[in-house]
Amino acid sequence: MKKLFIILSLTFSIINLGQAQENERFKTKPQKISEKTPGADEDSENESVKNRFGISDRLIFGGNLSFNFGTNKFIYIAPTVAYKISEELFAGGGFIYQYSSFTTAYNTVTNTFEPFEYEISVYGPKAFAFYSPIEILYFGTQVEYLNHDVATSLFGVGELTKQWTTVLFLEVGYLQKIGTRGLVQFGIKYNVLHDYDSPYNGAFVPSIGVFF
């Protein structure tokens, strides 16, 4: 009886040991780490940076440049940021700085222009929108609120008076897209509010815009 008990005990021990080894063998093994696609780390890092700084693919940066070197000279520089509402429609804003030199002043009595040479600096904010119905053409509008000097002449004496003036441009021109984000504009703007006290030399102003 004692021998039978020993034999049964050994038999159960062997069976339990075999089951333990079998269970260990069939345990779920850690999955092998899949190989990363080349450049995945870089893409992940770029995405992290984009999210961290909140930079949207729809934002484009650039600016406008206008100039005139005739009798009255001016240089116009405007850093700008725009939002791509769709592939055809853009809107944004920026800041304007303009240097101008003039050779005449407006006589408020005779309603004529008289000789008077002077230079002024113009600055202020702007807001704009433009639409490109086809790839090479765009139409736009732009509102500016500018601080500048107004020259007047009375009895042959020129005088400069500082004021704020609203400018409203309608614009048309050629547009060339560069890559997926960039574009270049060559256009002509017309100031529908142009008057003798306008910060611009004339109602028509050429314009060059670059965005990227």
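The values are calculated or read from the model by the stated rules, or taken from the named source; none is laboratory data. Given the structure is predicted, the values throughout are model-derived calculations rather than measurements. No Cβ is skipped: glycine too gets one built from the backbone with ideal geometry, and neighbour counts run over all protein chains shown. Ligands, DNA and RNA are stripped out before the accessible areas are found, and what is left, the full protein with its side chains, is counted by its heavy atoms. Shrake-Rupley method; radii C 1.70, N 1.55, O 1.52, S 1.80 Å.
Relative to the present Cα-Cα distance, how much length would full extension add between LEU65 and THR141 at 0.36 nm per residue of separation?
Values: separation 76, 0.36 × 76 = 27.36 nm, distance 1.58 nm.
In short, 25.8 nm is gained.
Counting only protein heavy atoms and a 1.4 Å probe, the range 92-212 has 52 square angstrom of accessible area per residue.
Quick one: net charge around PHE90, please, counting Lys, Arg +1 and Asp, Glu -1 for every other residue with C-beta under 10 Å from its C-beta. Within the 10 Å Cβ shell, the charges total 0.
Please give the FRET efficiency for ILE208 paired with GLU159, using the beta carbon to beta carbon distance and R0 = 41 Å, rounded to the nearest 0.05.
Details: r = 34 Å, r/R0 = 0.83.
Computed FRET efficiency for ILE208 and GLU159 comes out at 0.75.
Within the shell defined by Cβ-Cβ distances under 13 Å, the residues around PHE61 carry a net charge of +2, with Lys and Arg each +1 and Asp and Glu each -1.
Extension gain, ILE178-ILE134: 0.36 nm per intervening residue step, less the Cα-Cα distance, totals 14.4 nm.
Around ASN107, under 12 Å between beta carbons, what's the net of Lys plus Arg minus Asp minus Glu among the other residues? Computed value for this residue: -2.
Fully extending the segment from TYR123 to TYR190 would add 22.2 nm, taking 0.36 nm per residue of separation and subtracting the current Cα-Cα distance.
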